[in-house]
Amino acid sequence: MIRARIAGIGMYVPKNVVTNNDLTRVMDTSDEWIQERTGIKERRFATPFEDTTTTMGVEAARIAMQRAGVGTSEIDFIIFSTLSPDYYFPGCGVLAQRALGMTEIGALDIRNQCSGFIYGLSVADQFIKTGMYKNILLIASETHSYGLDFSTRGRNVSVIFGDGAGAVLLQPCTESSETSLNGPTKGSEPRGILSTHLHSDGSHAELLSMMNPGFHVGKFAPEKKPAKPDQPYGGLFITKDLVEKEDIYPYMDGQSVFKKAIVKFPEVILEALKTNNLHISDLNLLIPHQANLRISQMLQHQLKLRDDQVYNNIQKYGNTTAASIPIALCEAWENGKVKENDLICLAAFGSGFTWASALIRW
Ligand SMILES: CC(C)(COP(=O)(O)OP(=O)(O)OC[C@H]1O[C@@H](n2cnc3c(N)ncnc32)[C@H](O)[C@@H]1OP(=O)(O)O)[C@@H](O)C(=O)NCCC(=O)NCCS
């Protein structure tokens, strides 16, 4: 049976470190509040007019390709996950394809916020299993800092998010015959992505959302309705009144997100293990989407995982949405915490709501 495996991984975070104390200069908040509620100490912010979601994603992709020993001409397909694309359209997939000087391959954009990387991994997995593609580049990148409300009004959202990118190069492998990213394989365990599990519940779509600018015309949330423009057609995507009211930032009902996350995270992790007849005790490493350290800690407690079975780095990077899992996976791998034959579980929950998991035998 053909499975997909991660043959190369890379990450890129912008050089600009922003501490909690730095944020106290622009809004009423404190290092103590942020650390206590989220675990975050600092995050990276992109350099305006220099970094973009595409440029950061391309940096991570170059590292992933180089580690896999694959050149740009060998890539068959690009998948790009982000909620902060450079343009409203076209998506970052084609911008990355152009920046990497690739041939006329397909480029797919994924809009699944915090679950975007696992959704992308699942799509890549299916294409590889069917034999359609042999080298898929999956990029996840976010530039939140350009679009957050850094006044006190937006503090419950803006202190949480950071910028950065991660990328993986996916290739087929057949059972135990291939070499892994750590060298030649041993053992006869099935290798690569064992399964992926995708879920959504749109009944809570607006609880973590950025609706404006948009084409919704207030249909699902009358309080977000733009004023009628004084022209017969158009003028509804970005209206003067929404800009004047500054109704153009992400909204988050933090407590509702928290409550749902701590139910869905364990559910989707246990689903992945059960599908593969495996148990919590078989897990070498859980890499949860870095939403909030308190969510990860609660999850660890619920599943009775040891400290060494869960990887967190939100303290340094904040929540980088789609990029958080590949950044954490890359860092864990670079630090020797992901070894050959290890059982790794990736799990995410976020806006949509969407949630997902992937089980990987490294
Ligand atoms: C966002 C989150 C940290 C807020 O914590 P909370 O305990 O729910 O806080 P609340 O929003 O109820 O606000 C509590 C108080 O802190 C204040 N507050 C909010 N953000 C603040 C900040 N950055 N600094 C200081 N005070 C802040 C609020 O104004 C409120 O003050 P009040 O009691 O005087 O009205 C928390 O809800 C959370 O982590 N939720 C999950 C979010 C998440 O994971 N999102 C990503 C999903 S992918």
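Does Ala96 satisfy being closer than 30 Å to Gly202 by Cα and surrounded by fewer than 24 Cβ atoms within 10 Å (Cβ to Cβ)? Break it down stepwise before answering.
Working: closer than 30 Å to Gly202 by Cα: yes; surrounded by fewer than 24 Cβ atoms within 10 Å (Cβ to Cβ): no.
Here the answer is no, as Ala96 does not meet what is asked.
Among the residues of the range 129-150, is there at least one that is charged (D, E, K, R), away from the ligand (no atom under 16 Å from the Cβ), under 16 Å from Ile193 (Cβ atoms) and surrounded by fewer than 24 Cβ atoms within 10 Å (Cβ to Cβ)? Before you say what the answer is, go through the steps one by one.
Step one: list which residues in the range 129-150 are charged (D, E, K, R), which gives 129, 134, 142, 149.
Still in the list and also away from the ligand (no atom under 16 Å from the Cβ): 129, 134.
The next check asks that each one be under 16 Å from Ile193 (Cβ atoms); those that pass are 129, 134.
The next check asks that each one be surrounded by fewer than 24 Cβ atoms within 10 Å (Cβ to Cβ); those that pass are 129, 134.
Yes, there is a match, as at least one residue in the range 129-150 is charged (D, E, K, R), away from the ligand (no atom under 16 Å from the Cβ), under 16 Å from Ile193 (Cβ atoms) and surrounded by fewer than 24 Cβ atoms within 10 Å (Cβ to Cβ).
How many residues does the range 305-331 hold that are surrounded by fewer than 24 Cβ atoms within 10 Å (Cβ to Cβ) and within 21 Å of His197 (Cβ to Cβ)?
Counting residues in the range 305-331 that are surrounded by fewer than 24 Cβ atoms within 10 Å (Cβ to Cβ) and within 21 Å of His197 (Cβ to Cβ) gives 4.
When the residues of the range 225-261 are filtered to those that are of a type outside the set (Asp, Glu) and touching a strand residue (DSSP E or B) at 6+ places or on another chain (Cβ under 9 Å), which remaining residue is nearest to the ligand (Cβ to nearest atom)? Walk me through it before giving the result.
Going residue by residue through the range 225-261, those that are of a type outside the set (Asp, Glu) are 225-229, 231-240, 242-243, 245, 248-252, 254-261.
So of that shortlist, the ones also touching a strand residue (DSSP E or B) at 6+ places or on another chain (Cβ under 9 Å) come out as 250-252, 254, 256-257, 260-261.
On the way: Pro250: 10, Tyr251: 11, Met252: 6, Gly254: 2, Ser256: 8, Val257: 4, Lys260: 9, Ala261: 6 Å.
Per the criteria, the residue is Gly254.
Exactly one condition in (1) farther than 17 Å from Ile6 by Cα; (2) more than 16 Å from the ligand (Cβ to nearest atom); (3) in contact (Cβ under 8 Å) with a residue 12 or more places away in the chain is not met by Arg306; state its number.
Arg306 satisfies every listed condition except (3).
Could you tell me whether the range 1-18 includes any residue that is part of a helix (DSSP H, G or I) and either touching a strand residue (DSSP E or B) at 6+ places or on another chain (Cβ under 8 Å) or at pLDDT 95 or above (or both)? So that I can check it myself, show each step before the final result.
Residues of the range 1-18 that are part of a helix (DSSP H, G or I), as a first pass: none.
Within the range 1-18, not a single residue is part of a helix (DSSP H, G or I) and either touching a strand residue (DSSP E or B) at 6+ places or on another chain (Cβ under 8 Å) or at pLDDT 95 or above (or both).
Looking at the range 107-120 only, could you name the residues that are surrounded by fewer than 21 Cβ atoms within 10 Å (Cβ to Cβ) and either within 22 Å of Tyr249 (Cβ to Cβ) or in contact with an Asp or Glu (Cβ under 8 Å, 6 or more places away or on another chain) (or both)?
Result: Arg111, single match.
Say whether the condition of being away from the ligand (no atom under 16 Å from the Cβ), more than 18 Å from the chain's Cα centre (by Cα), at pLDDT 95 or above and more than 21 Å from Leu83 (Cα to Cα) is met by at least one residue in the range 283-290.
Yes, that holds for at least one residue.
Does Arg37 qualify as being within 16 Å of the ligand (Cβ to nearest atom), in a helix (DSSP H, G or I) and more than 18 Å from the chain's Cα centre (by Cα)?
Details: within 16 Å of the ligand (Cβ to nearest atom): yes; in a helix (DSSP H, G or I): yes; more than 18 Å from the chain's Cα centre (by Cα): yes.
Criteria met by Arg37.
The values are calculated or read from the model by the stated rules, or taken from the named source; none is laboratory data. The model shown is predicted, which means the values in this text are computed figures rather than measured ones. Note that each Cβ is placed from the backbone with ideal geometry, even for glycine, and that neighbours are counted across all protein chains shown.
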